[in-house]
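Have a look at the structure below, then the notes.
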Amino acid sequence: TPVQIKEFGAVNKIDFSPVSPYNYAVTASSRIHIYGRYSQEPIKTFSRFKDAAYCATYRDDGNLLVAGSEEGSIRLFDVSGRAPLRQFDGHTKPVHVVGFLSDKYRIFSAGDDYASSLWDIPSGSEIISYNEHTDYVRCGCASKVNADVFITGSYDHTVKLFDTRMKNSVMTIEHGQPVESVLLFPSGGLLVSAGGRYVKVWDVLKGGQLLVSLKNHHKTVTCLCLNSSGQRLLSGSLDRHVKIYSTASYKVVHTFNYATSILSLALSPEDETIVVGMTNGVLNVKHRKPEVRKEKTVKKRQPAYRTYVKGRTYMPKQEDFCVSKPVKRVLRKYDKLLKSFQSSKALDAVLEPPIRLYTPEVTVAVMQELHRRGTLRSALAGRDEKQINLLLTFVARRVIDPRFTSILVTVADIITDIYQPVVGQSAIVDRQFLKLQKAIGKEIDYQEELLEVLGMMDTLFATFTRKRATYLEENKSNGLGETIETNMNN
């Protein structure tokens with residue numbers, strides 16, 4: 001059951017500490033609250049802001065916290081203290097984006113003054129400022145692989161990649177809608193941007209090539225998140241849904257529903273806790289159910305061996321009445337598949353070596369049944385090189401058997417018809433087609449020779465039949481003459 005925590009305003013950012021015990025910072029209204037994983041009250045609060053605070057983010061070691069503000073200043077806090085360690089002034093409008101570069105000694109920031117800046121923590125001074133965006137900059141992230149690379153997303157529909165060693169951005173990606181959130185994969189090669197109803201994945205190493213565009217939300221997507229292994233991508237939206245995608249296929253594998261529109265989202269480093277911040281100031285915390293270990297049950301004592309063999313050797317007497325127990329009929333695998341109308345799997349089952357080699361009549365019988373059902377073509381279609389090779393080997397070997405010829409000729413005809421377009425693409429398949437052609441050619445030659453022999457034999461049998469008839473006629477005529485002469489003498 002999720003835990004509901006009421007904040008003072010809309011939750012614009014949630015960030016988990018990368019070190020144990022994995023506390024998380026929640027930025028809402030003019031305060032930053034630090035919560036323990038299971039605490040329902042903040043264990044620490046930073047409230048030294050005159051107006052709204054934005055984007056409180058942990059450093060990689062979990063010791064420092066940086067946040068932007070409505071008045072345009074950036075504050076750096078020690079997690080164990082309360083007063084800001086540093087304050088960076090330079091932006092003229094609210095700063096919505098702050099974060100640490102992976103070298104831990106520099107901070108990047110961006111805000112509503114369209115500027116993206118880089119700051120040095122030890123000296124508290126600005127290193128460089130970029131003014132390339134033409135609208136509010138509301139999201140950004142830093143590369144974990146390269147300490148000089150950070151990315152910003154703006155309402156001018158663009159995502160820009162900056163290298164701190166260069167005076168200008170090194171890459172610009174056109175998202176197509178105001179960009180609300182950006183995310184870099186841990187490898188640094190893939191970039192995810194969210195804006196409008198779209199979540200788009202880009203290949204940074206190929207110059208910002210679009211890999212996939214996802215449109216699974218009904219309203220603006222506001223936040224993105226990755227799990228610890230990088231195998232799941234999460235997106236939150238104003239349509240009150242959190243979608244979870246598989247990064248292997250980019251298909252939605254799960255959906256969470258919430259009471260109102262979602263502004264921020266975070267997943268704990270161990271994927272044990274998911275925290276969602278909403279527009280009404282409610283913080284929703286869900287914990288993964290702990291795995292219940294099954295206790296080892298005491299194994300019941302089995303009956304003795306004599307229990308099983310009792311009565312086996314009893315011989316019925318003459319006056320005994322024997323009642324036979326009905327034998328349960330166990331269906332073979334291919335019969336079960338045929339019963340459930342899984343034609344392709346049934347054909348695969350009878351092409352297994354034990355059946356194909358020792359009981360080919362079963363394989364042919366299943367083919368005949370599929371042909372009778374009208375599903376033989378669909379069962380033969382969609383096979384790879386290895387399966388086509390297996391089918392053609394079986395047909396070429398058994399087509400000359402008179403028991404199987406009629407159905408296997410049909411099978412060969414269908415296979416040829418289906419896989420004719422791929423002839424020439426595989427040497428193995430081509431070789432089997434040639435073997436099949438040779439086998440059928442030889443059989444036709446044998447049939448022609450047999451027909452010739454049959455014609456000769458018919459001629460011989462016809463001759464024998466005439467001779468036998470003549471001999472009988474002679475016997476009959478001789479017998480008749482003798483009978484007439486005897487009668488006349490008498």
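Spin-label model, Val3 to Ser324: label points 7 Å out along the Cα-to-beta-carbon direction sit 6.9 nm apart.
By how many degrees, 0 to 90 and rounded to 10, does the Cα axis of helix 427-489 deviate from the longest principal axis of the chain? Value to nearest ten degrees: 20.
With the cut-off at 46 Å, report for the chain the share of all Cα pairs above it, as a whole percent.
Considering the chain, 50 percent of its Cα-Cα pairs are separated by more than 46 Å.
Helix 385-398 and the longest principal axis of the C-alpha atoms of the chain enclose an angle of approximately 10°. Near Arg383, no amide H atom lies under 5 Å from its own; only residues 5 or more places off or on other chains count, and H is placed 1.01 Å from N.
Subtracting the Cα-Cα distance of Val19 and Ile400 from their residue separation scaled by 0.36 nm leaves 129.9 nm.
Enumerate the residues in segment 103-134 having an amide nitrogen under 19 Å from the point lying 7 Å beyond the Cα of Lys50 toward its Cβ. Once the point is set 7 Å along Cα→Cβ of Lys50, 111-113 turn out to lie under 19 Å by backbone N, inside segment 103-134. Rounded to the nearest 0.05, the FRET efficiency derived from the C-beta distance between Thr359 and Arg165 at R0 = 60 Å is 0.25. When the label point is put 7 Å from the Cα of Glu448 along its Cα-to-beta-carbon vector, which residues of segment 400-420 have a backbone N closer than 13 Å? Answer for this model: none.
Centre-to-centre separation between the Cα atoms of segment 177-242 and those of segment 1-75: 23 Å. Using Cα centres only, tell me the gap between segment 124-157 and segment 272-341 in whole Å. Here the two parts' Cα centres lie 58 Å apart. Over all directions, the projected convex hull of the C-alpha atoms in segment 333-443 averages 6.5 nm² in area. Near the amide H of Glu7, within less than 5 Å, lie the amide hydrogens of Val282, Leu283, all on another chain or at least 5 residues away, with H placed in the peptide plane. Label sites at Asp148 and Asp430, each approximated as a point 7 angstrom past Cα along Cα to Cβ, lie 5.2 nm apart.
Axis of helix 405-419 versus longest Cα principal axis of the chain: the two differ by about 30°, to the nearest ten degrees.
One chain, two ends: Glu41 and Tyr105. Fully extended at 0.36 nm per residue, the span grows by 19.9 nm beyond their Cα-Cα distance. Phi angles across segment 351-365 convert, under the Karplus curve 6.51 cos²θ - 1.76 cosθ + 1.60 with θ = phi - 60°, into 3J(HN,Hα) values of 9, 5, x, x, 7, 4, 8, 9, 10, x, 5, 5, 4, 5, 4 Hz, Gly and Pro given as x. D by Stokes-Einstein for segment 2-287, Kirkwood Rh over Cα pairs, 4 °C, 1.567 mPa s: 70 µm²/s.
Here, each number is a calculation from the coordinates, and none is a lab measurement. Because the structure is predicted, anything quoted here is derived from the model rather than measured. In this analysis, Cβ positions are derived from the backbone assuming ideal geometry, glycine residues included, and neighbour counts consider all displayed protein chains.
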